[in-house]
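Scroll down for the structure; my scribbles are underneath it.
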Amino acid sequence: MSARTTRLNHLVHLQCPRCYSAPMFLHHPYNLAGIGKMPKHCPHCQADFEPEPGFYFGALFVSYALAAPFCLLWFVVLNFGFGISFEPALFMVAITQLLLTPYLFHLSRAVWLYFHLKSNAAARKG
Ligand SMILES: [Zn+2]
């Protein structure tokens, strides 16, 4: 597995972008009471998970960039691929998006942090 594939795998599993050993979030995305709660630092490598106040504002744009193409593609698959008519397909896209929102919220924050923190081989060993 290439380094890029490994990094993508850890991103999808919401693990620390530096050491890949610790989770970025305190709770599972579908534990709605704890959604978005993150430790200040990685418990394994001490990577700063909030470098500055308002750091995750940029994750809003990542969330949009992930959700919009997904919704469009899913609609096309449902409407043209499975032949589901417009309104039911739109409804199914909305339901799917609603169900994916907690994970997408965490994933967009993870993508934003992965943009800003490089992996560190020394941190992974420790
Ligand atoms: Zn770490």
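Values in this text are rule-based calculations from the coordinates and carry no lab data. Not measured: the values here are computed from a predicted model. For neighbour counting, all protein chains shown are included, and Cβ atoms are generated from backbone atoms with ideal geometry for every residue, glycine included.
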* Structure fact -> Checking Pro29, Pro23, Pro17, Pro39 in turn, the sole residue that is surrounded by fewer than 17 Cβ atoms within 10 Å (Cβ to Cβ) and either within 13 Å of Leu107 (Cβ to Cβ) or free of Cβ contacts under 8 Å to residues at least 60 places away in the same chain (or both) turns out to be Pro39
* Asked: Across the stretch 42-64, what is the total count of residues that are touching a residue at least 40 places away in the same chain (Cβ under 8 Å), surrounded by fewer than 15 Cβ atoms within 10 Å (Cβ to Cβ) and of a type in the set (Gly, Ala, Ser)?
  -> 0
* Leu73 within 17 Å of Val93 (Cβ to Cβ), without any contact (Cβ under 8 Å) to a residue 24 or more places away in the chain and not hydroxyl-bearing (Ser, Thr, Tyr) -> yes
* Candidate set: the stretch 32-65, residues that are more than 13 Å from His116 (Cβ to Cβ), within 15 Å of the chain's Cα centre (by Cα) and not small (Gly, Ala, Ser); chosen: the one nearest to the ligand (Cβ to nearest atom) -> Met38
* Given the conditions (1) closer than 21 Å to Val12 by Cα; (2) surrounded by 11 or more Cβ atoms within 10 Å (Cβ to Cβ), report the number of the one that Phe75 does not fulfil. => (1)
* **Matching residues in the stretch 7-34 - criterion: being part of a helix (DSSP H, G or I) and touching a Ser or Thr at 6+ places or on another chain (Cβ under 9 Å)** => Arg7, His10
* **Residues (surrounded by 15 or more Cβ atoms within 10 Å (Cβ to Cβ) and in a helix (DSSP H, G or I)) located in the stretch 104-121** => Leu104, Phe105, His106, Leu107, Ser108, Arg109, Ala110, Val111, Trp112, Leu113, Tyr114
* Structure fact -> Within the stretch 1-19, residues being within 22 Å of Pro102 (Cβ to Cβ) and within 15 Å of the ligand (Cβ to nearest atom) number 7
